[in-house]
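What follows draws every value from the coordinates through simple rules; no lab data is involved. Values in this document were obtained by computation on a predicted structure and should not be read as measured data. Here the Cβ positions follow ideal geometry from the backbone for every residue, glycine too, while neighbour counts run over all protein chains shown.
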Amino acid sequence: MKKVRVGIVGLGRLGRQHAENLAFRIRHCELHAVCSVSDEEVEEAKREWGIPYGYTNYDEMLENKELDAIFIASPSGFHCEQIEKALEQGFHVFTEKPLGLYVDEVIRVKEAVEKHSSQVFMVGFMRRYDKSYVYAKQKIEEGAIGEPVLIRCYGFDPAKAMAGFMNFAKKNYSGGLFLDMGIHDLDLARWYLQSEADSVWAIGGAYDYPEIADLNDAETGAALVKFQNNTMGIFVAGRNCAHGYHIETEIIGTKGSLRIGTVPEKNMVTVFGEQGAIKECSEGFIERFEQAYLTEVEEFIQCILNQRQPKVTVDDGVQSTILGYACKESFETGQLIKVESHPAYVKAT
Ligand SMILES: NC(=O)c1ccc[n+]([C@@H]2O[C@H](COP(=O)([O-])OP(=O)(O)OC[C@H]3O[C@@H](n4cnc5c(N)ncnc54)[C@H](O)[C@@H]3O)[C@@H](O)[C@H]2O)c1
């Protein structure tokens, strides 16, 4: 079978993991080119993994017609421009979340994806490929909890990742707490509740790390969302979690509820000692979602080989960005935001 030749842009915290998966762990796939603004990262990937092509300029990578697909793991502020350019050059495209940071740019991307409908396009909402989240979806569809009426989400990064985050955030590429971290939960809420948002009120603060307030962002924040089908969402996100990486989701239905990741266990081991019974917690996104990152990329490659589109669509990217942006706007203005009357939202319909 033909191998799909992929060029990746971004070799940072997540891009490196994706690159290793593409190079060594995905069938019918070949990591053929790497690109980063860091010459060191490019040379290291070429040398250590034997990648034939390396670039420090994205536009130059797009001139390599040996490639079939472009994989975008650069900072979020670059996604839209890089997606549009890659589509225009005829490549299949995978982009990390969020699709973009502004509503007008994601709407432009939607138009570009629709114009290039024979090219595969996928957004990296990897939780939709995590076994536990998939199982929960299946249980809901089987009626195990009746009709879902509320989703409660916790998304916390470990405090010990703060230095890396500040580096990322200072460059102003993250989009803020809700677009960067909350976006996964906002997408999951749309998936589980089967509705778009109606209105949102978001609050937050910088409690232990006041320097985050200088970036006009929240270290810990919460958003309350009413969905168009009268269901509800409570989203809590933060960057300062003492015990590790805590991703927890609860869906409450008319006949029961289910929870995913209530204790973010590292593994099946419990250590019994003078401190009591200790379950260690997962330390970061790669450890927690290792399987999901692999499965989503397998799906992307299979979509290319079988000429079909993935279930996660550009609309999922657009709608979650619109909702994430509304959270950000509400946090910044202190106002309740009516999502459907957002001017850019109206433009999208
Ligand atoms: N799905 C998830 O769970 C998850 C987790 C972490 C990050 N992400 C997303 O992945 C993306 C990357 O995040 P990260 O934490 O790996 O960032 P990072 O800052 O660690 O790495 C960014 C990489 O992009 C390169 N880069 C920067 N500007 C570039 C440009 N103009 N052209 C080419 N390369 C450029 C940098 O040199 C670096 O290699 C972000 O969009 C982030 O939201 C998703």
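Along the chain, counting only GluC sites (Glu not before Pro) with a DSSP assignment other than H, G, I, E or B and at most 15 other Cβ atoms inside a 10 Å radius, the longest segment between sites is 143-273.
Here the sum of -39500 (n - 2.57) over DSSP H runs of 4 or more residues, divided by the residues of the chain, equals -10500 deg cm²/dmol at 222 nm, to the nearest 500. Relative to the longest principal axis of the Cα atoms of the chain, helix 183-193 runs at roughly 70 degrees. Taking other C-beta atoms within 10 angstrom as a stand-in for reagent exposure, Cys29, Cys281, Cys327 fall in the order Cys281, Cys29, Cys327, fewest first. Past 23 Å, Cα to Cα, is the threshold; run Lys3/Lys65; Lys85/Lys110; Lys97/Lys171 against it and keep the listed order. Those over the limit do not exist; all pairs fall within it.
Could you work out which residue, out of Ala23, Ala237, Ala213, moves most in a Gaussian network model of the chain, that is, has the largest mean-square fluctuation with Cα springs under 10 Å? Highest fluctuation of the listed residues: Ala213.
For the pair Arg108 and Ile286 in one chain, pulling the backbone fully straight at 0.36 nm per residue adds 61.0 nm over the alpha carbon distance. Derived scalar couplings between HN and Hα for region 245-252 equal 9, 10, 10, 9, 9, 10, 10, 9 Hz in order, rounded to whole Hz, by the Karplus curve 6.51 cos²θ - 1.76 cosθ + 1.60 (θ = phi - 60°), x for Gly and Pro. Annotation: the antiparallel percentage among DSSP beta bridges lying fully within the chain is about 55.
Subtracting the Cα-Cα distance of Val263 and Phe24 from 0.36 nm times their residue separation leaves 82.9 nm of extension gain.
Helix 290-305 and the longest principal axis of the Cα set of the chain meet at an angle near 50°. A straight chain from Glu43 to Ala144 at 0.36 nm per residue would run longer than the Cα-Cα distance by 31.2 nm. When each of His79, His92, His28 is scored by the number of other beta-carbon atoms lying within 10 Å, the sequence from fewest to most is His28, His92, His79. Any aspartates and glutamates with Cα under 15 Å of the Lys226 Cα? List them, leaving off those in the same chain fewer than 8 positions away. Candidates past the 8-residue exclusion: Asp185, Asp187, Glu196, Asp198, Glu340. Once the Cα atoms are used to define both axes, helix 103-115 deviates from the longest principal axis of the chain by about 50 degrees.
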